[in-house]
Amino acid sequence: MKILKAEFIRSCASQEQFPTGTTPEIAFVGRSNVGKSSLINSLLQRKGLAKVSRTPGKTRTVNLFAVATDDPLLSSFVLADLPGYGYAKVSKAERAQWAPLIEAYLSRGEQVCAVVLLVESRVLSPHDSQTIDWLRSIGCDPLVVATKVDKLKHSERVSALRRLQEELGLTGSQAFMVYSSVTGEGRERLWNDLRERCRT
Ligand code: GTP
Ligand code: MG
């Protein structure tokens, strides 16, 4: 698939700034520093479009990007880079502001056609299974993407990913895939899954 356009729209610090049109939206959620912004750049093949940082807590608003592709099934849509959760050093007050913002964003019904939950291939966190439960409770069935898979040694890869799936209570390969924003592994598969979920 060819990306014809990938542009920053705006950063939303409150619900009033969320899109109101009918363009389908794809949301990326996950813990701070898991690699959401990097994955968006990798998917769109645009370095630096979403701001990446070594320091957790970089993305603090709902950042929207307008995308157009040459794929007739997914020709025009919005990507949403959401703030990461679960990072202790961000002030409590700030986190208290994000949780409702994330929830409000994701609870907008059919407009959000796919929710991609990023987890780290090497790091299991109780937060991640809680997030899956929470997403399901608000009606989202997330596509779980284990990212930074380039950090796994070849020999540990199969067992690490199996453990992760078990831990997250995910069976079969349906809603689980791997990605690396460094090597681009998983890019085609992710586009295919998003196309299936969001046919426009
Ligand atoms: P917040 O905005 O703080 O929630 O973080 P984020 O989830 O957007 O993470 P971000 O994309 O900023 O990446 C965090 C760090 O992980 C950066 O140092 C990235 O270079 C690194 N990183 C992201 N994806 C990958 C990956 O696939 N492989 C490796 N090796 N590093 C990655
Ligand atoms: Mg980010």
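The values are calculated or read from the model by the stated rules, or taken from the named source; none is laboratory data. The structure displayed is predicted, hence computed values, not measured ones. Positions of Cβ are backbone-derived with ideal geometry, glycine not excepted, and every protein chain shown enters the neighbour counts. Quick note on the areas: whole protein, heavy atoms, side chains included, nothing else; ligands and nucleic acids left out. Shrake-Rupley method; radii C 1.70, N 1.55, O 1.52, S 1.80 Å.
What to note about this one:
- Three principal axis lengths of the chain [C-alpha, angstrom, descending]: 46, 42, 31
- By accessible area with a 1.4 Å probe, ligands and nucleic acids excluded, highest first: order of THR23, THR147: THR23, THR147
- Among ALA114, LEU124, GLN15 the positive-end extreme of the charge dipole of the chain (Cβ point charges): LEU124
- DSSP-defined beta bridges in the chain - what % are antiparallel, rounded to 5: 40
- Accessible area in square angstrom per residue, the chain, 1.4 angstrom probe: 50
- Taking the helices alone, the chain has a mean residue ellipticity at 222 nm of -9500 deg cm²/dmol, built from -39,500 (n - 2.57) per DSSP H run of at least 4 residues and averaged over all its residues.
- Residue among VAL29, LEU4, ALA160 farthest towards the positive dipole end of segment 3-197, charges placed on Cβ: ALA160
- Between ARG136 and LYS51, the simple label model (points 7 Å from Cα in the Cβ direction) yields a spacing of 3.6 nm.
- Unpaired cysteine residues in the chain (no second Cys Cβ under 4.7 Å): CYS12, CYS140.
- Note on the chain: with neighbouring protein chains present and a 1.4 Å probe, carbon and sulfur make up 49 percent of its accessible heavy-atom surface.
- Most fluctuating residue given options ALA96, ALA175, ALA68, as computed from a GNM of the chain linking Cα atoms under 10 Å: ALA96
- Distance from the Cα centroid of segment 133-200 to that of segment 19-91 is 16 Å (rounded to whole angstrom).
- Around the Cα centre of the chain, unit charges on the Cβ atoms of Lys, Arg, Asp and Glu (plus for the first two, minus for the last two) sum to a dipole of about 720 debye.
- Spatially proximal aspartates and glutamates relative to LYS151 (Cα-Cα < 16 Å; intrachain offsets below 8 disregarded): GLU120, GLU185
- If the chain linking ILE3 and LYS151 were pulled fully straight, counting 0.36 nm for each residue of separation and taking away their Cα-Cα distance, it would gain 50.5 nm.
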